[in-house]
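Down below is the structure, laid out as structure tokens.
The values are calculated or read from the model by the stated rules, or taken from the named source; none is laboratory data. Bear in mind that the values here come from a model prediction, so they are computed numbers and not experimental data. Neighbour counts run over all protein chains shown; Cβ positions are idealised from the backbone, glycine included. Calculation scope for accessible area: heavy atoms of the full protein, side chains included, ligands and nucleic acids excluded. Shrake-Rupley method; radii C 1.70, N 1.55, O 1.52, S 1.80 Å.
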Amino acid sequence: MSSGNKTICIIGGGVAGLLAAVTAADEGASVKLFEKMSKVGLKMGITGKGRCNLTNSAPIMDFIAKTPGNGKFLYSAYEKFNNEDLLDLLHGWGLKTKVERGGRVFPASDDAQEVRHLFMDLLRKKKVELHLDESVTRILTKDGEVSGIVTDKGSYGAGAVILCTGGSSYPRTGSTGDGYRMARELGHKVTAIRPALIPLVCKESYGKELQGLSLKNVSFSIDAGGRRKASEFGEMLFTHFGVSGPIVLMLSDKASLWLSQGHEIKASIDLKPALTEDVLDKRVLRDLETYHLKQMAGALQDLMPHRMIDVILSLAGIERDLTVSDLKKAQRIALVKTMKAMPLTVTGTRPILEAIVTAGGVSVKEINPSTMESKVVKKLYMAGEVLDVHAFTGGYNLQAAFSTGHLAALSAVRSLENA
């Protein structure tokens, strides 16, 4: 095994690993970056639908609030390196960015590959030793301290190791849970792994009937056993297996957790959240008066998307060819209630392989939040999605990876200086 007392070995060439490598090299460290795939930053290349949602322009306290998975653990990382620091760094490297709806920050080019190529250039310029197509199989320790790593091609000495292998989602990008195994082997606790930011599978067949239909300005709510409730307003989408879209993804973390605890989840869609039942009833009455000579299937065209009419009528127990003038008050009330609470039964999530991020990971109780150093093994640092930290969509997850990667690198360099 080669001597490496002053070398930092970084395991994983994703968002956290790339910034960690560049940061450590900038600080004068000798850096070796190991990536099992043939390219670095593969998951970065598909984030934000291929546009790379780098971060968010929100105040940093919003980042904590938007991180349901141990957000408070990130206080120190954000204090040392926040969204403004990240953008200053990227702009200094020549990347132009733009801010879109919801404060989401993207490259001005809308091309995630530009960001990936930028980091590739930086690795070369800063003389980071890049090991592609090389899987790390084990982290070596001696007397409770990191001493090196073993790969499928050889062994390397190290004065510090940064573990940032990602989670278990999108395995084709290299995130296959290797980091969890290595952390466990060193004595770390890994909390239960489950999908977060994932579409939901529903029992009802009408999801398939409405496949591809997008709804805007609706409320989507979930209820577990009548005790746990959550709701989001915005846009959603019907799919062949159930539902997806922004507000569904926002609630999917809770749904995934409640399902893992054995709870049955009832969901509902409020098609007119801005209206109370009484106000909506008056609106329905006006439309029915306008179309009083039509059948019910033709009288609701101003109230909802055409493709939804038959489904809503069926759920309300109303025949589509019933003449408007024959509609009874009880049926009209049932129609209004169905529009305010279109029922769904959530039976599961899509597979974790399809999750945008993974919930669970190395327990943050065993990581020093001020340095990202392991409390179990000295000079072992962790960053990114391998940790039990996850956030909502909008740039919050990438910022968490950037910030923890940056802090881990600075801490690793300091540990070598003080050795």
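Here are the numbers:
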| quantity | calculated |
| --- | --- |
| Thr151 open to solvent by 20 Å² or more (accessible area, probe 1.4 Å) and among the β-branched types (Val, Ile, Thr) | no |
| Ile309 surrounded by 14 or more Cβ atoms within 10 Å (Cβ to Cβ), free of Cβ contacts under 8 Å to residues at least 40 places away in the same chain, among the β-branched types (Val, Ile, Thr) and closer than 22 Å to Phe241 by Cα | yes |
| Subset of the stretch 345-400 (residues that are among the small types (Gly, Ala, Ser) and part of a strand (DSSP E or B)) | Gly348, Ala359, Ser374 |
| Those residues of the stretch 372-395 which are modelled with pLDDT under 95 and over 20 Å from Leu33 (Cα atoms), in sequence order | His390, Ala391, Phe392, Thr393, Gly394, Gly395 |
| Helices (runs of 4 or more DSSP H) fully within the stretch 1-113 counting 1 or more residues that are surrounded by fewer than 21 Cβ atoms within 10 Å (Cβ to Cβ), acidic (Asp, Glu) and touching a strand residue (DSSP E or B) at 6+ places or on another chain (Cβ under 8 Å) | 60-65 |
| Per-region count, the stretch 326-364, residues surrounded by 17 or more Cβ atoms within 10 Å (Cβ to Cβ), hydroxyl-bearing (Ser, Thr, Tyr) and farther than 30 Å from Lys375 by Cβ | 2 |
| Filter pass, Ser415 being more than 14 Å from Ala16 (Cα to Cα) and of a type in the set (S, T, N, Q) | yes |
